[in-house]
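Encoded as structure tokens, the structure appears first; notes follow it.
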Amino acid sequence: MINYKITYLDKGCLLRTLFQSFLPQHGLSRFAGWVAHCKQPWIKNRLIKNFIRDYQVDMSLALKESPNDYSHFNEFFTRALKPEKRPIDSGSEIIVSPVDGCVSQFGDIREGQLLQAKKINYSLQALLGGSMSLASRFQQGKFATFYLSPKDYHRVHSPFVGTLQEMIYVPGRLFSVNTETTEQLSQLFVRNERVICLFSTPIGPMAVILVGAMLVASMSTVWEGVITPAKTRQIRHWHYVENTVSLAKGEELGQFQLGSTVIVLFAANRMQWSDHLALQSKVQFGEGIGRVLS
């Protein structure tokens, strides 16, 4: 039985959201991944050029500007950018955006709840795979949610200097995470599969959470490679010895193949979001979005 709450925007939006429930979400995502890895030049070049045209992708930002230089669509989709196009704010007290994307929500974690959309909250503990111990680290802390559209750069970077302590894969559904679905489907980010990366930092614990979505063929990290699609749909834990994986601020953390969402968590009384940060505002990887509290 489908067990979720929908906030009613209009009949068309409602039907589209319900329709997603009955789709073979993981099967469609795996098929998308197979197509996106096709190396036949006439297929992959057409896919890439059509995508650039339809989404108005600015290839002048890319390290490889020519669509023909990519061996398949996924290499194009996870393309590297020219470093000078995304300078990383070097201030030691500055927290930077982990992605190119849109700020869906940000603010305080209140009574173990995060804001998904207007009048829709979801559980911090459920987001963190049901762990009360992990949730306690971020109670009354700060969160920010970033949506990556298809045209955006799809690598994820560390918002602050940190050492990886633990990674958790949480299986789930693959509902779309676009604005329409986010504003309708309660507990969306708790329902979808996700990869939770937990770091220790000079300002306490930090979590960077990669949330899967419809047609997201793969999520990967730089230290473990491809995490999804997973061989078994069970919660998996990875634990890391101190200093095994340490990331500088702005260093690459992982990748999405097709658009999705990143959620960042910080502990209470350690940082504050910048005054210029606003709902639905566009941010670029490396720009300052927060500041360490002195």
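The values are calculated or read from the model by the stated rules, or taken from the named source; none is laboratory data. Note that the structure is predicted; figures quoted are calculated from it, not measured. Cβ sites come from the backbone with ideal geometry, for glycine too, and all protein chains shown count toward neighbours. We work out accessible area using only protein heavy atoms, side chains counted, and drop any ligands, DNA or RNA first. Shrake-Rupley method; radii C 1.70, N 1.55, O 1.52, S 1.80 Å.
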task = Could you list all residues from region 232-254 that are assigned to a loop (DSSP other than H, G, I, E, B) and at pLDDT 90 or above?
result = Ile235, Tyr240, Val245, Ala248, Lys249, Gly250, Glu251
task = Name, by its number, the condition in (1) closer than 24 Å to Gly91 by Cβ; (2) assigned to a strand (DSSP E or B) that does not hold for Met219.
result = (1)
remark   = Of the residues in region 230-268, those that are out of contact with any strand residue (DSSP E or B) (no Cβ under 9 Å at 6 or more places or on another chain) and polar (S, T, N, Q) number 1
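So that you can scan it fast, the table gives a plain yes or no per residue for (1) among the small types (Gly, Ala, Ser); (2) in the same structural domain as Ser97 (by the TED database); (3) modelled with pLDDT of 95 or more:
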{"site": "Val216", "(1), (2), (3)": "no, yes, no"}
{"site": "Phe256", "(1), (2), (3)": "no, yes, no"}
{"site": "Arg270", "(1), (2), (3)": "no, yes, yes"}
{"site": "Ala278", "(1), (2), (3)": "yes, yes, yes"}
ask   = When you go through (1) surrounded by 21 or more Cβ atoms within 10 Å (Cβ to Cβ); (2) within 13 Å of Pro205 (Cα to Cα); (3) in contact with a helix residue (DSSP H, G or I) (Cβ under 9 Å, 6 or more places away or on another chain) one by one for Phe160, which number turns out not to apply?
value = (3)
query = Residue check, Pro229 against (1) open to solvent by 30 Å² or more (accessible area, probe 1.4 Å); (2) at pLDDT 95 or above, all met but one. Which one?
reply = (2)
ask   = If you scan region 90-129, which residues turn out to be under 14 Å from the mean Cα position of the chain (by Cα) and charged (D, E, K, R)?
value = Asp100
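Answer with yes or no whether Gln284 is open to solvent by 10 Å² or more (accessible area, probe 1.4 Å), assigned by the TED database to the domain that holds Leu134 and modelled with pLDDT under 95. Walk me through it before giving the result.
On the way: open to solvent by 10 Å² or more (accessible area, probe 1.4 Å): yes; assigned by the TED database to the domain that holds Leu134: yes; modelled with pLDDT under 95: no.
In short, no.
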